[in-house]
1. Considering every residue within the stretch 32-50, establish whether at least one is loosely packed, with under 10 Cβ neighbours inside 10 Å, at pLDDT below 95 and assigned to a helix (DSSP H, G or I).
2. Could you figure out which of (1) under 15 Å from the mean Cα position of the chain (by Cα); (2) surrounded by 10 or more Cβ atoms within 10 Å (Cβ to Cβ) isn't true of Val25?
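The values are calculated or read from the model by the stated rules, or taken from the named source; none is laboratory data. As the structure is a prediction and not an experimental result, all values here were calculated from the model. As a convention, Cβ positions derive from the backbone with ideal geometry for all residues, glycine included, and neighbour counts pool all protein chains shown.
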Amino acid sequence: MKKTEIAICLMVAALTVPGTAMAYVGPGAGLSLLGALWALVAALGTAIVFVAIWPIRRMLRRRRAVQAQPAPAASARAERRD
């Protein structure tokens, strides 16, 4: 069983080794590739930052909402005056 697993792993490794690429990437295609890669990195980075900041923004909004509400004792006094 062990020899079979090793043989399969070696065959898979041999099949995944790339051959020599006989290709040329010109400056236009290279810059297009870099621009697309830069946009992808920027989009992923922005998404990660917004997901990381979301709980902090939510906490700050809740804190502002609590501070904006009048205290319960002050609202009870205002109702008695009416």
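1. Kept after step one, since they are loosely packed, with under 10 Cβ neighbours inside 10 Å, are these residues of the stretch 32-50: none.
No, the conditions are met nowhere in the stretch 32-50.
2. Condition (1) is where Val25 drops out.
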